[in-house]
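One structure below.
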Amino acid sequence: MLIPTEILPRDGRFGAGPSKVPADHLTLDPAWMGTSHRKAPVKDVVGRIREGLGELFRLPEGYEIALGNGGASLLWDAIPFCLVEDRSRAATFGQFSTKAAKALRANPFVSDPIVDAGEPGTALLPEAADGIDSYLYPQNETSTGAMLPVKRIGGPGALTIVDATSAAGGVDFDASEVDVYYFSPQKCFASDGGLWFAALSPAAIERIGRLTAQRWVPDILNLQLALDNSRKNQTLNTPALATLHLMLAQLDWMLEEGGLSAMDARTTRSSDLVYDWAARTEWAHSFVEEGHRSQVVATIDIDLPADEVSAACRASGIVDIDGYRGLGRNQLRVATFPAVEPDDVTALLESLSWVGQQIPRS
Ligand SMILES: *Cc1c(COP(=O)(O)O)cnc(C)c1O
């Protein structure tokens, strides 16, 4: 079964990470690739990324951008070492937030976290309580497509730490509401994997400095070493240069297009197309409760066999719309990151409607 070419999207990449990389960003300078990350040509790119992120996020005075190798997953292990004094509280409502909480519990040097757990398809902020020094939650739970506002939790002295991996760059937020806003570049930033980035507040920077001076921390997880290197526009160890190049290309595009509010409008428009399509399609149903539906990762339960729909799409060049494996639902998941053209989302939905007509109801 092949979808008629005249209704296909021009670009069929709708994966939630790695995600679509614009073709015109794949323009690597051969004289730049394969050169030292401790010399000006590469350091300049890192510096422009750090500055560009500060501008995109409208970072308040004293906030800094740090980066390092290992992706957002590395930060899950670094956070209990370098940011949690002793007791944290984390909200979990899907696979990624659950992994973040698991790393807090696994660390033998801090107390077990208090976990506020919600069912997949819901979203909840951790509850403020006495004796908590760090609050953690995802801005967008990529495994379920549930989104939360970025909001400071707890009183002075507590840090708010947000996993923004799939939201950063696609959803507007107020940076003064968060102390650690971390993400990987292979989602809204249309780059490749392997790196992590974090916007750090003065309070987070103070906490990192104090805890890493007191504790043994493996170098690769040491956020003070990451920050020291970041301030010199370097990384502790060798980064993937192509990832940096692609990140800067997307960041420049985002700023040219009008910054974070423009990206927010674009992802809202794309995701609304998906949710509106689900509302008028008999065999499709938005999975996430209203009010928490993500504008960057839309999840749709369907009454047709999802693996057949996905396979039919893949055969025609529409890829990676499968639901998150670990969630185990008969579901499609469509990333509406800034790099995805809203017109391509429209074409995707037309293609899905066409596939739906060919497959008998289960
Ligand atoms: C993709 C993702 C991660 C993991 O990112 P890596 O770069 O693979 O470590 C973590 N959290 C969220 C919310 C994600 O979407």
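Quick note: the coordinates plus some simple rules give every number you see, no bench work behind them. Quick caveat: nothing in here was measured; it's all calculated off a predicted structure. Here Cβ is always computed from backbone atoms with ideal geometry, including for glycine, and neighbour counts include all displayed protein chains.
Structure above, values below:
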item	result
Under Karplus coefficients 6.51, -1.76 and 1.60, residue-wise ³J(HN,Hα) of segment 90-106 in Hz, glycine/proline x	10, 9, 10, 8, x, 5, 6, 5, 5, 5, 4, 5, 4, 5, 5, 5, 6
Within segment 58-170: Cβ-based charge dipole about Cα centre, in debye rounded to nearest 20 (Lys, Arg +1; Asp, Glu -1)	200 debye
Alpha-carbon centroid distance for the pair segment 158-208 / segment 209-237, whole angstrom	17 Å
Theoretical gain in end-to-end length, Glu290 to Asp174 [0.36 nm per residue, Cα-Cα removed]	39.5 nm
Ranking of His37, His285 by count of other Cβ atoms within 10 Å, fewest first	His285, His37
Fraction of alpha-carbon pairs over 24 Å apart in segment 216-362 - percent	48 percent
For the chain, with +1 on Lys and Arg beta carbons and -1 on Asp and Glu, the positive-most of Ala311, Ala347, Leu244 along the dipole	Leu244
Share antiparallel - DSSP beta bridges, the chain, percent rounded to 5	55 percent
Loop trypsin sites (Lys or Arg not before Pro), segment 269-362, which have at most 15 other Cβ atoms in a 10 Å radius of their Cβ (DSSP)	Arg361
Of Phe81, Pro108, Leu53, farthest towards positive along the dipole that unit charges on Lys, Arg, Asp, Glu beta carbons give segment 1-154	Leu53
Zone of Phe109's modelled label, taken as backbone nitrogen in segment 169-207 under 15 Å from a point 7 Å along Cα→Cβ	207
Partner lysines for Lys43 [C-alpha distance under 27 Å; skip if fewer than 8 residues away on the same chain]	Lys20, Lys187, Lys232
For the chain, with +1 on Lys and Arg beta carbons and -1 on Asp and Glu, the positive-most of Thr5, Gln357, Ala213 along the dipole	Ala213
Added length on full extension, which subtracts the Cα-Cα distance from 0.36 nm per residue, Glu206 to Lys39	57.2 nm
Column: log10 I(q)/I(0), Debye, Cα scatterers of segment 27-256, q = 0.09 Å⁻¹	-0.34
